[in-house]
Amino acid sequence: MAKCKNKKKRNGVAAMDMTEGPASDLPQAMDTSESGAHNHAAGAPAIKVKKGRPMKRTKNVRKKKSIAKAISSNEKTAEKVSKIESKQLRTQSAKLLYE
């Protein structure tokens, strides 16, 4: 077993330097960064993530990338469906107008 030769023996507690005031007296900028909560699309279901042993980094990156790809494809299909429905409504109204 290796010995720690860099340990220094301390006889007492060193006094702190109190020349400057505490940092809380100074004005600080407000933290405007977003928290970890993200607003997912309303139509997309929440994906359950199993909590087990931690994964390797590359596997985790691949998994996150595939989840993001699946969500984006769901959003694309929902957008396509809404476009098709609006197109059908327009054609129906045009047909009714000329009858």
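Multiplying the residue separation of N74 and K51 by 0.36 nm and subtracting their alpha-carbon distance yields 5.8 nm.
Length gained on full extension, T91 to S66, computed as 0.36 nm times the residue gap minus the Cα-Cα distance: 5.3 nm.
The phi-based Karplus calculation (6.51 cos²θ - 1.76 cosθ + 1.60; θ = phi - 60°) puts the 3J(HN,Hα) values of region 60-74 at 5, 5, 4, 5, 5, 5, 5, 5, 5, 5, 5, 5, 5, 5, 4 Hz, whole numbers, x for Gly and Pro.
No value in this document is a laboratory result; all are computed from the given coordinates. The structure displayed is predicted, hence computed values, not measured ones.
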